[in-house]
Amino acid sequence: MGEHYSKKELGKDMYQFFIEDENAAEDFVTIEGSDVNHIKNVLRMRPGEKIRVCTRNGQNYFCSISDITESFVRADILEKEAESTELPCRIYLFQGLPKNDKMEWIIQKTVELGVYEVIPVAMKNCVVKLDEKKAAKKLQRWQAIAESAAKQSKRTVIPTVKQPVTYKEALKIASELDITLVPYENERGMDATREIMGQLMAGQTIGVVVGPEGGFAPEEIALVDEHATMYRISLGRRILRTETAGLAALAMLVYNLDV
């Protein structure tokens, strides 16, 4: 660990892998599970090649592969505390359940943009109705997509996809955050949106609530107005699809918060 490696050598073009916290020792890390086959047989990596490794709690390492076996890959730590790719705020997306496979696309893209947690929400105008068995199967698939997107975008944490909740449960969770933004098609004017975005600060927890294809029911949007930390915002004069609204809000947050 005494050698110095340039930013170019330890660059963003490296393959990245996630490990459990206990798999990081003082001078080396151990990669287990499906990534071993991926490294050995798909990427055909060899000892000496450099990789980026992140623990589940967000510790980052640049490493050099030292040993590849059938059951694990060992890599020596070259440098700790690699530059974080995380936003300075934790953003929670409350997404009204959309039709078909749109949720998979939403998870992939919002993870790339920096979302910290995705909470699917069953709302009045949702066409999709998930029973417990379907929800469990979907959740497994959604979490795998989040992990894949986190690797691709060089995130230092894997965002969590939660079990679907009711709208009232979602608002209860959101009420515990510092601020929650609710993009609403009938909310006109970007001045208020710019003002709210400009007041956001590093370290805050931020919620974004997006309605399903059918939009918010009047009684649902009325509940937003009962919470002092929830604000209806406009995303512009055009009506956005549910799979677009969350991305637009996230992009605005990235513009205002990222450094």
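The values are calculated or read from the model by the stated rules, or taken from the named source; none is laboratory data. Not measured: the values here are computed from a predicted model. In this analysis, Cβ positions are derived from the backbone assuming ideal geometry, glycine residues included, and neighbour counts consider all displayed protein chains. In case anyone asks, the SASA skips ligands and DNA or RNA and just uses the protein heavy atoms, side chains included. Shrake-Rupley method; radii C 1.70, N 1.55, O 1.52, S 1.80 Å.
Sort through 144, 135 and tell me the only one that's without any contact (Cβ under 8 Å) to a residue 12 or more places away in the chain, open to solvent by less than 70 Å² (accessible area, probe 1.4 Å) and among the small types (Gly, Ala, Ser). Being without any contact (Cβ under 8 Å) to a residue 12 or more places away in the chain, open to solvent by less than 70 Å² (accessible area, probe 1.4 Å) and among the small types (Gly, Ala, Ser) holds for just one of 144, 135, which is 144.
Annotation: of all residues in the range 165-174 being surrounded by fewer than 17 Cβ atoms within 10 Å (Cβ to Cβ) and either among the acidic types (Asp, Glu) or more than 20 Å from the chain's Cα centre (by Cα) (or both), the one that is farthest from residue 126 (Cα to Cα) is 172. Condition check for residue 44 on (1) exposed (fewer than 13 other Cβ atoms within 10 Å of the Cβ); (2) within 30 Å of residue 205 (Cβ to Cβ): one failure, at (2).
If a residue counts only when it is within 26 Å of residue 173 (Cα to Cα), which strands (runs of 3 or more DSSP E) contained entirely in the range 23-132 have at least 2 such residues? Explain how you work it out, then say what you get.
Values: elements: 28-31, 50-55, 60-68, 73-80, 90-96, 117-122.
Where strands (runs of 3 or more DSSP E) fall fully within the range 23-132 and carry at least 2 residues being within 26 Å of residue 173 (Cα to Cα), they are 90-96, 117-122.
Out of 213, 226, 195, report the one residue that is within 19 Å of residue 98 (Cα to Cα), surrounded by fewer than 18 Cβ atoms within 10 Å (Cβ to Cβ), of a type in the set (D, E, K, R) and at pLDDT below 95.
Details: 226 fails: within 19 Å of residue 98 (Cα to Cα); 195 fails: within 19 Å of residue 98 (Cα to Cα).
Just one listed residue meets the conditions, 213.
Remark: pairs (first residue in the range 78-104, more than 26 Å from residue 123 (Cα to Cα); second residue part of a helix (DSSP H, G or I) and not aromatic (Phe, Trp, Tyr); Cβ separation under 9 Å; 6+ apart in sequence or on different chains) = 87/113; 87/253; 87/254; 87/257; 88/257; 89/253; 89/257.
Considering 127, 121, 115, which residue is closer than 21 Å to residue 54 by Cα and of a type outside the set (Gly, Ala, Ser)? Give the derivation first.
Numbers: 127 fails: closer than 21 Å to residue 54 by Cα; 121 fails: closer than 21 Å to residue 54 by Cα.
Being closer than 21 Å to residue 54 by Cα and of a type outside the set (Gly, Ala, Ser) holds for just one of 127, 121, 115, which is 115.
Tallying residues that are under 10 Å from residue 20 (Cα atoms) and of a type outside the set (D, E, K, R) within the range 48-57 yields 3.
Filter the range 56-75 down to residues that are open to solvent by less than 60 Å² (accessible area, probe 1.4 Å) and over 9 Å from residue 156 (Cα atoms), then give me how many there are.
Final tally of qualifying residues: 10.
Restricting the first member to the range 165-190 and to residues that are within 20 Å of residue 239 (Cα to Cα), and the second to residues that are part of a strand (DSSP E or B) and open to solvent by 30 Å² or more (accessible area, probe 1.4 Å), the beta-carbon pairs closer than 6 Å and six or more apart or on different chains are 181/231; 182/232; 184/232; 187/232.
Inside the range 118-137, residues that are modelled with pLDDT of 90 or more and either of a type in the set (A, V, I, L, M) or more than 14 Å from residue 210 (Cα to Cα) (or both) make up a count of 5.
Would you mention how many residues in the range 76-95 are open to solvent by less than 40 Å² (accessible area, probe 1.4 Å) and touching a Leu at 6+ places or on another chain (Cβ under 9 Å)?
Taking the range 76-95 and keeping what is open to solvent by less than 40 Å² (accessible area, probe 1.4 Å), we get 77-78, 82, 87, 89, 91-95.
Still in the list and also touching a Leu at 6+ places or on another chain (Cβ under 9 Å): 78, 82, 87, 89, 91-94.
Number of matching residues: 8.
Among the residues of the range 102-132, how many are open to solvent by 60 Å² or more (accessible area, probe 1.4 Å) and in contact with a helix residue (DSSP H, G or I) (Cβ under 8 Å, 6 or more places away or on another chain)? Going through the range 102-132 one residue at a time, the tally reaches 4. Mind listing whichever residues of the range 148-159 are in contact with a helix residue (DSSP H, G or I) (Cβ under 9 Å, 6 or more places away or on another chain) and either surrounded by 14 or more Cβ atoms within 10 Å (Cβ to Cβ) or at pLDDT 95 or above (or both)? Those that are in contact with a helix residue (DSSP H, G or I) (Cβ under 9 Å, 6 or more places away or on another chain) and either surrounded by 14 or more Cβ atoms within 10 Å (Cβ to Cβ) or at pLDDT 95 or above (or both): 148, 149, 150, 153, 155, 156, 157, 158, 159.
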